[in-house]
Amino acid sequence: MGDLNKNIELNIMHVDMDAFFASVEQLDDPSIRGKPVIVGGTALGKRGVVSTASYEARKYGVHSAMPIIKAKKLCPHGIYVPGRHHRYAEISDNIFEIFYNYTPLVEKISIDEAFLDLTGCHRLFGDTISIGKKIKNEVKERTGLTASVGIAPNKFMAKMASDMEKPDGFVVIKSDEIDKILIPLPVGKLWGVGKKTEKILREKGIKTVGMLRKIPRSDLEKMFGKLGLRLYNLARGIDNRNIESFSSVKSISHEATFSSSLEDIDKIYAVLLELSQKVVRRLRKKQMKGSTVFIKIRYDNFETFNRSLTLKNPADDVDTVYRVGKSLMEENNLFKKPVRLVGIGLESLTDKNQQQLSLFSSSDSEERLSTTIDNIKDRFGEKSIRRARNLYYEVYEQKNKQD
Ligand code: TTP
Ligand code: MG
């Protein structure tokens, strides 16, 4: 009954700021309001990419992750500014403070985006729609910026809703409206359908969500494994994932199981590096840092070792996570037998922005570089940027974990 309820009630809200970095620039410099503003690029020199573009610039086809050079061709008279992440983080904090005034169940998706679960808040603050309007107004009053708000019975539909009337949108999707919205949509609009999955579906002639609905669940599972079930559900607007509020995420880890046990330590390290990159990418997305690095090694006989080390300062960079993981393995002499499974993760997580003031000045460019790399990977997939060492990459199964 619990799961069913989630799809009937209108308790989930998705809030996403409009053209966030560019809007902040326009807020702080009235002379560029109403003009095409493009943020990004300079930290990486000529090969920089667009972080974001104001809606005025989007009319020229400029969008996030586009090379600045291309943006300048499309929009030569645009105003190009470097990012000021410190300022964006400050405003982000103010926005999240507003959310927390209504509910502790806030899931931070990125610097400008969150899910809120408003179950149980109604006696105090009214129904979800009135809370949504209040939040939108408060964000505007307190920061001078506009947010787009989506309200729906679950996360997937709420995210769709916030995107539907951007910028300055406010869209409510009730259970009985889900079908009419989803059926005509291209399959690529479903959450988690990347370029690769979309291509496979299109090759099979499945272009819209309506067409996807006609495929039996077992066929989808055969085609896509676990993702198949997710596709089956999303096509029907079913999404039973809970809001993972900050306090409910205890750790972030990734592990890999090898098809045959590995003895080659260099190859194990190559996988460890890849896993560390994934952990850090998820951590950064959630704007978190972690104080404890833990590793896991399993042998053929299922004997398993876990080891951990707590750092002096919380970390969110690949080098620290990988180096600590590697030394935990070395120091504990864990390569005495062929390795079946290797895993790495971070726990004791904290909100990154709480420390940003002191950390930012020293690691500004590193920070921007990492954020840009993360964003490119979001757009083009994990394999788009790799370190040389990753060329050792082995075929293995992966498991994502988040407690
Ligand atoms: P988004 O919410 O994806 O984009 P946006 O807020 O600029 O525009 P929209 O109105 O469509 O929501 O991302 C939030 C911020 O994150 C964005 O302002 C800049 C940064 N960002 C990047 O730096 N690179 C990227 O590729 C993306 C997508 C975002
Ligand atoms: Mg946004």
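Throughout, read-outs are computed from the coordinates displayed, never taken from laboratory work. Keep in mind that what you see is a predicted model, and the values were worked out from it rather than measured. For neighbour counting, all protein chains shown are included, and Cβ atoms are generated from backbone atoms with ideal geometry for every residue, glycine included.
Descriptive notes on the structure:
- Spin-label model, residue 55 to residue 311: label points 7 Å out along the Cα-to-beta-carbon direction sit 3.9 nm apart.
- Once the chain from residue 94 to residue 35 is taken as fully extended at 0.36 nm per residue, the excess over their C-alpha distance is 18.7 nm.
- In a fully extended conformation the segment linking residue 180 and residue 86 would gain 29.7 nm over its present Cα-Cα distance, using 0.36 nm per residue.
- Residue 141 paired with residue 267, simple spin-label distance in nm, labels 7 Å along Cα-to-beta-carbon: 6.2 nm
- Measuring between alpha carbons in the structure, the pairs from 159/286; 199/289; 204/285; 222/337; 134/155 lying more than 26 angstrom apart are 199/289; 204/285; 222/337.
- Using 0.36 nm per residue and subtracting the Cα-Cα separation, the extra length available between residue 168 and residue 207 on full extension is 11.1 nm.
- Which listed pairs, of 73/214; 72/207; 70/195, have C-alpha distances above 32 Å, in listed order: 73/214; 72/207
- Spin-label pair residue 199-residue 63: with each label point 7 Å from Cα along the Cα-Cβ axis, the two points sit 1.7 nm from one another.
- Pairwise centroid distance, computed over Cα atoms, of region 158-203 with region 241-314, Å: 32 Å
- Region 141-209: trypsin sites (Lys or Arg not before Pro) falling in loop per DSSP and having at most 15 other Cβ within 10 Å: 174, 204, 207
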